[in-house]
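Structure first, then comments.
Throughout, read-outs are computed from the coordinates displayed, never taken from laboratory work. All values derive from a computational prediction rather than experimental measurement. Ideal geometry is used to build each Cβ from the backbone, glycine not excepted, and the neighbour counts take in all protein chains shown.
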Amino acid sequence: MPISKEFYAKTGDGKDISIFSLKNDKVEVRIIDYGGIITNIFAPDKDGIPEDIVLGFDAFKDGYDKNPPYLGALIGRYANRIAKGHFTLDGVTYNLTVNNGPNALHGGTRGFDKRLWTSSIQGNRLVLQYTSLDGEEHYPGEVKVTVTYQLTDQNELIINYNATTKKKTVINLTNHAYFNLAGHAAGSLDGHTVRLAAETYTPVDNTSIPTGVIESVTGTMFDLTSETNLVDRIRNVPGGIGFDHNFVFEKPGWDKHAAMLRHSPSGRQIDMYTTEPGVQFYTAFYLNETKAKGGATYGKWGAFCLEAQHYPDSPNQPSFPTTVLSPGETYRQTTKYVFSVANT
């Protein structure tokens, strides 16, 4: 079906925000061109009844314009954390906005999630483009970013990312959708199981910065290589906050199956494929939204995120896959979410 476009809201400075609907005969995905935010995903259960399975807000004002949990948003210029808000590139130290304890998080005070992107419909793809100026949020280089969303007849939501730069910089992009396969307002992850195809992960310090080592998940609470009851496991993860960790999938550029989550009562299932070397698996410990869409309240452990990306703090960790982008190079990433109904 063709992609539809409607007026959604106005930004604080009076610019029009549009909402786009991508549909096939089973799934509908809605996206706004402010922050590239996925506002809704309607997916059927085993009885064919659709439910909105991503968390969000009803309105732009006092919702997506602030959006402290980054619900559904594109994240950049650097997704996840950079230790102490600084990194050095070619002998120059760049000091970023510190907005997460002692660290920089998700691109700063006004990252890609709080920018109005240029939007167009090209066949069955929604194309979003944004130019991040040299020095924006204290990152070097003018960076041109293109992100496309496509919903296929196989119920695949495919997100393609491309970026180029005029000056050497660092870049790490992702989407921060929060999922609950029982429905966005379910309030808990009861009934969910998880499997991550990761045999290693990056342990973190008490500010969620990787220690620099890559450890095996074997014999730990981070071993999700076989299907696991998610709620039971969350309660036993060291640190008491559940999962907010980078799982290692190694080769950048290699398309691989990273994750499966299933909600047995409804039969809904999501599978994730990505070309990224890591996935930040987050179970929403810090979530606290009392005015969510449909009158819902979102609290801790009420959703999960699968954020395909490079490892946190890579600019300060030379042993990690590089996030440096130079002039003449193109950053590329493809991540795919596949929605289905499990045979339960």
Checklist outcome for this item: By the mean-Cβ-within-10 Å protection proxy, highest first, 17-27, 89-99, 58-68, 104-114 rank as 104-114, 17-27, 58-68, 89-99
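Please give me, ordered by residue number, the chymotrypsin sites (Phe, Trp or Tyr not before Pro) of segment 165-260 that lie in loop per DSSP and have at most 11 other Cβ atoms within 10 Å. Walk me through the numbers before you get to the answer.
On the way: sites: 178, 179, 201, 222, 243, 247, 249, 254; in loops: 178, 222, 243, 249, 254.
Counting only loop positions with at most 11 other Cβ atoms within 10 Å, the chymotrypsin sites (Phe, Trp or Tyr not before Pro) in segment 165-260 are 254.
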Item to check | Label-point gap, in nm, between residue 232 and residue 211 - each point 7 angstrom along Cα→Cβ | outcome: 2.7
Next on the checklist: For the chain, report the % of Cα-Cα distances exceeding 33 Å.
Outcome noted: 21
Item to check | Nonlocal amide H pairs with residue 225, under 5 Å, H built at 1.01 Å | outcome: 196
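Would you mind classifying segment 120-210 by shape? Square roots of the alpha carbon gyration tensor eigenvalues, ordered a ≥ b ≥ c; an a/c under 1.5 is rounded, otherwise it is prolate if a/b is larger than b/c and oblate if not. Could you put the intermediate results ahead of the total?
Details: a/c = 2.31, a/b = 1.24, b/c = 1.86.
Judged from the Cα gyration tensor, segment 120-210 comes out oblate (a/c at least 1.5, b/c at or above a/b).
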Item to check | For segment 85-101 and segment 267-344, distance of Cα centres in Å | outcome: 23
